[in-house]
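Visitor: Pasting a structure here, questions to come.
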Amino acid sequence: MTSIKVPPLGESIVEATVSRWLKKEGDAVAPGDTLVELETDKITVEVPAMNGGVLTKRAHAEGDVVHVDDLLAEIDESATAASQPVAAKPAAAAAPPPAQRVPPQSTPVVPPPAPPAAPAPPSEVRAGPAAQKTAAEIGVDLARVQGTGRGGVISKPDVLEAAASAQRLATAPVAAQGAPQPTAPPSPPSAAPAASDGKRETREKMTTRRKRIAEHLLESQHATAHLTTFNEIDMTAVSAVRERLKERVEKEHGVKLSYMPFFVKAACMALKTYPVVNAQIDGDSVIYKHYVNMGIAVASDAGLVVPNIKDADRRGMIDISREIGAVAKRARDGKLTMDDLTGGTFTITNGGVFGSLISTPIINFPQVGILGLHKMQDRPVAVDGKVEIRPMMYIALSYDHRIIDGQQAVLFLVRVKELMEDPASMLID
């Protein structure tokens, strides 16, 4: 009997949530087969079988919180042969039995009809704990729900959408052939939002990742002297450069040139001018980092993650753009590694992609600064004594006032503004 335990989960991570079992009790497993996925506050960990055999025990259910070295499952190596599904009988029955052979008679003998084929066993439904609970509450068959999560996993929104679609089909008028149907009058708006099974409230347990995000943000607020300063950037020049180069860059390098690489480059240069914004407090000491591991906040289905680009200050614009695309894809696919998520020195977060006009981002502790980007919007501004419509963007720097003075924070943002408004100056290091 082989015991499968919770493996080491990475730096400072001691617990995880059982996200999804890929094998059931009684299933045959081969060496290397993934048995279960564990969700931590940073990454999803796949736990494989080290040896072949039969999974005889699942020690925890989906949604349970487990700790490092806890028992997850047991595999019986000696039961490998017995675990194979019995498939020989139906195959043998496919050959015509001797009793059905037609004897030489003057009257033809009609063989009895073949028994109907047994229906194929339904494929395993892959759904998260919240989706399963919601489906049970509102009576949705998960086998009929199309999952949109990674690997086709069904999420709670998928269940709600399936229920809404079924309701629309049930209430839609059925047109008689050749007869036009009158348009139904619009239904009056309901006084309360639609809720599952008539409930006005539902309770859902936080995932491990969401709990850790909450704890991390509270720690940042309580452990730092949080302050935010703002500025705005005229994006005319950088927009012109991007527009002129994006088609060529994509054709020659296979990279889509967004605004983020420009901001990463500008921030790296500003951090070199004001290194205290890239520092870290350790007790009564200040650690100055002479490199920039740039964190890029990425919103995923599982919550906010901040993978970082190692040595971003030593990379060119194309390399930065390529790496941003790579880490963002790994984040969306749930394939981030611990190396992606550790070692960051400064962070950029872009709420503008969701329409945010201005915000005060929370520092990614133990870092001491975070740059917030926002929606680019045409606004009237004074240019050389004239009013012109320019694409403008507000930017924000939240910083730890314990080691960063207001003057340094303001000048850091001014430097970013200068570089973005004159992108050719980024060529001069």
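The values are calculated or read from the model by the stated rules, or taken from the named source; none is laboratory data. Since the model is a prediction, treat every value here as computed from it, not as a measurement. FYI the Cβ positions are ideal-geometry reconstructions off the backbone, even for glycines, and counts take in every protein chain you see. Note: accessible area is taken over every heavy atom of the protein model, side chains too, but ligands, DNA and RNA are not part of it. Shrake-Rupley method; radii C 1.70, N 1.55, O 1.52, S 1.80 Å.
Visitor: In angstroms, what radius of gyration and Dmax does the stretch 263-381 have, counting Cα atoms only?
Guide: 14.6, 47
Visitor: Principal axis extents for the stretch 1-52, Cα atoms only, whole Å, descending order, please.
Guide: 33, 18, 15
Visitor: Sticking with this structure for a sec: Between Val14 and Glu252, what is the label-to-label distance in nm when each label sits 7 Å out along the Cα-to-Cβ direction?
Guide: Between Val14 and Glu252, the simple spin-label model gives 5.3 nm.
Visitor: Taking the Cβ-Cβ separation of Lys310 and Asp378 as r and a Förster radius of 22 Å, what is the calculated FRET efficiency to the nearest 0.05?
Guide: Working: r = 36 Å, r/R0 = 1.65.
My answer for the efficiency is 0.05.
Visitor: Still on this structure, I have one more. The stretch 20-59: which GluC sites (Glu not before Pro) are DSSP loop and have at most 16 other beta-carbon atoms within 10 angstrom?
Guide: Glu25
Visitor: Let me ask you something else. Relative to the present Cα-Cα distance, how much length would full extension add between Gln280 and Glu201 at 0.36 nm per residue of separation?
Guide: On the way: separation 79, 0.36 × 79 = 28.44 nm, distance 4.29 nm.
Contour length minus Cα-Cα distance gives 24.2 nm.
Visitor: So, one more: Explain nothing, just compute: Karplus ³J(HN,Hα) = 6.51 cos²θ - 1.76 cosθ + 1.60, θ = phi - 60°, for every residue of the stretch 48-54 in order, whole Hz, x for Gly and Pro.
Guide: With coefficients 6.51, -1.76 and 1.60, one gets x, 7, 7, 10, x, x, 10 Hz.
Visitor: Could you give the nm distance between label points at Glu161 and Asp33, where each point is 7 Å from its Cα heading toward the beta carbon?
Guide: 3.1 nm
Visitor: Another question, then. Just to make sure I understand: if all protein chains stay in place, what is the order of Tyr259, Tyr399 by accessible area at 1.4 Å, largest first?
Guide: Tyr259, Tyr399
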